[in-house]
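The values are calculated or read from the model by the stated rules, or taken from the named source; none is laboratory data. What you see is a predicted model, and the numbers here were worked out from it, not measured in a lab. Positions of Cβ are generated from backbone atoms using ideal geometry, with glycine treated the same way; all protein chains shown enter the neighbour counts. Side chains are part of the model used for accessible areas, which takes the heavy atoms of the whole protein and leaves out ligands, DNA and RNA. Shrake-Rupley method; radii C 1.70, N 1.55, O 1.52, S 1.80 Å.
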Amino acid sequence: CAMDLKVLTRELSLYLENQVRVGLFGSGVGLSLVLGFGVAYACYYLNSIAKKPQLVASNDRFCRFLEEYCPVVTETYYPTIWCWEGRVQTLLRPFITSRPHVQYRNELIKTADGGQISLDWFDNNDSLYYPDASTRPTVLLLPGLTGTSKESYILHMIHQSETLGYRCVVFNNRGIAGEDLLTPRTYCAANTEDLEAVIHHVHSLHPSAPFMAAGVSMGGMLLLNYLGKTGRDTPLMAAAIFSAGWNVFESVESLEKPLNWLLFNYYLTTCLQSSISRHRQMLEKLFDMDLVMKARTVREFDKQFTSVMFGYRSIDDYYEDASPCHKLKSVGIPVLCLNSVDDVFSPGHAIPVETAKQNANVALVLTSCGGHIGFLEGIWPRKCTYMDRVFKQFVQAMFEHGNKILSM
């Protein structure tokens, strides 16, 4: 037995030395392991990750319209195979996706309270499809919480619109895009006064042009709250919403979980503080800025700053008013809303599916993966995301065929 053990040990040693010399991939066993793992991963990906989105809409006419003119919402979404998890998609998108060059024309408009709003226009004067500027379709774009016209997702929307011949204008929230604050007021998801002023201004400049809007994250929340307030009384013919936080209470609770706080909440809070620090001299007239700068969560920031600025009795009152889920039933124009159920900023269980079913103007597109403004697809997703494709197909469908559902 002792001799057999020595022989076996020597043979095993020789085998291992040989593996080190030729390398794992030089052996049939190593190659088989790699192939086996690859096949297993591919099967898991195709069975559990790549899925068709859930299309929620009570209006059969709206559904048929989307299936015909915006087919991407019914096709299987194949997330990038090496980064399909929601947090990973959210973190990587800003670094992976390209930043198309866009030449803006800036305009500052005054508000009724003495403030100013910065608009960045992409006029698309070289449009071949719509050479007449007076009738060129216009898309108003609303970035996220601390976002501006420079965000990659905004640049991609403009690039998609450019190929279709449309004009775009980006609504930058007060004090965010480099302009000075003229009054001690910034913005929030619930107050739609600035958005109303911008929509009225843009429409007054091009009253004969078809007019749509698209909002991302907080921009989508603000747009939904505006639409819930105005119903059909808006110059907008339709709207697209991406990664909106439907219930703010659920959103902040999700973001305060330890891992999410570490990855997103603390960083977002510092971004909010950075966005107002430049205007400290103006804001110190009304706020204890030292206390605001001590916030370590979005909830603390909103408690000390946002809710106070807009006159809410408590942060709960602000969050209740800011949650679009309460306004969805009053939306009076066609709206397409894209969310991923693995979005930590807008948890899947908080998406108002049942409420959406009660409004014929609303369609929800829910993917199983995609994160928050992620929706990466392809092996190396630099140029186009699933969100970009939904945006392009929906705005084109509405501008070119919208008359088929606008009368519903």
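Checking Arg389 against (1) farther than 23 Å from Leu255 by Cα; (2) at pLDDT 95 or above; (3) in contact with a Ser or Thr (Cβ under 9 Å, 6 or more places away or on another chain): exactly one of these is not met. Which one?
(3)
Could you check, for the range 259-269, whether at least one of its residues is in a loop (DSSP other than H, G, I, E, B) and surrounded by 13 or more Cβ atoms within 10 Å (Cβ to Cβ)?
no
Mind listing whichever residues of the range 176-207 are under 21 Å from the mean Cα position of the chain (by Cα), open to solvent by less than 10 Å² (accessible area, probe 1.4 Å) and closer than 18 Å to Tyr104 by Cα?
Val198
Restricting attention to the range 118-136, and to residues there that are open to solvent by less than 20 Å² (accessible area, probe 1.4 Å) and more than 22 Å from the chain's Cα centre (by Cα), which single residue is farthest from Gly175 (Cα to Cα)?
Ser127
Give just the number: which of (1) under 17 Å from Asn225 (Cβ atoms); (2) open to solvent by less than 50 Å² (accessible area, probe 1.4 Å) does Glu320 not satisfy?
(2)
Any residue in the range 215-233 that is under 26 Å from Arg280 (Cβ atoms) and of a type in the set (Lys, Arg)?
Scanning the range 215-233, I find no residue that is under 26 Å from Arg280 (Cβ atoms) and of a type in the set (Lys, Arg), so the answer is no.
Within the range 331-341, track down each residue that is surrounded by fewer than 22 Cβ atoms within 10 Å (Cβ to Cβ) and under 26 Å from Arg87 (Cα atoms).
Val341
This table checks each residue for (1) surrounded by 21 or more Cβ atoms within 10 Å (Cβ to Cβ); (2) within 25 Å of the chain's Cα centre (by Cα); (3) in the same structural domain as Lys229 (by the TED database).
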| position | (1), (2), (3) |
| --- | --- |
| Gln281 | no, no, no |
| Asp290 | no, no, no |
| Lys294 | no, no, no |
| Phe310 | no, yes, no |
| Ile351 | yes, yes, yes |
| Thr355 | no, yes, yes |
| Gly371 | yes, yes, yes |
| Phe375 | yes, yes, yes |
| Ile379 | no, yes, yes |
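Taking the range 210-236 on its own, how many of its residues are touching a Ser or Thr at 6+ places or on another chain (Cβ under 8 Å), surrounded by 21 or more Cβ atoms within 10 Å (Cβ to Cβ) and among the small types (Gly, Ala, Ser)?
Matching residues across the range 210-236 total 2.
Have a look at Tyr153, Tyr226 and point out the one that is touching a strand residue (DSSP E or B) at 6+ places or on another chain (Cβ under 8 Å), hydroxyl-bearing (Ser, Thr, Tyr), closer than 26 Å to Val344 by Cβ and assigned to a helix (DSSP H, G or I).
Sole residue among the options that is touching a strand residue (DSSP E or B) at 6+ places or on another chain (Cβ under 8 Å), hydroxyl-bearing (Ser, Thr, Tyr), closer than 26 Å to Val344 by Cβ and assigned to a helix (DSSP H, G or I): Tyr153.
Restricting the first residue to the range 44-62 and requiring it to be more than 19 Å from Leu406 (Cα to Cα) and open to solvent by 30 Å² or more (accessible area, probe 1.4 Å), which pairs with a second residue that is of a type in the set (Asp, Glu) and not in a strand (DSSP E or B) meet a Cβ separation below 7 Å and a spacing of at least six or different chains?
Listed by first residue and then by second, the contacts come to Lys52/Glu75.
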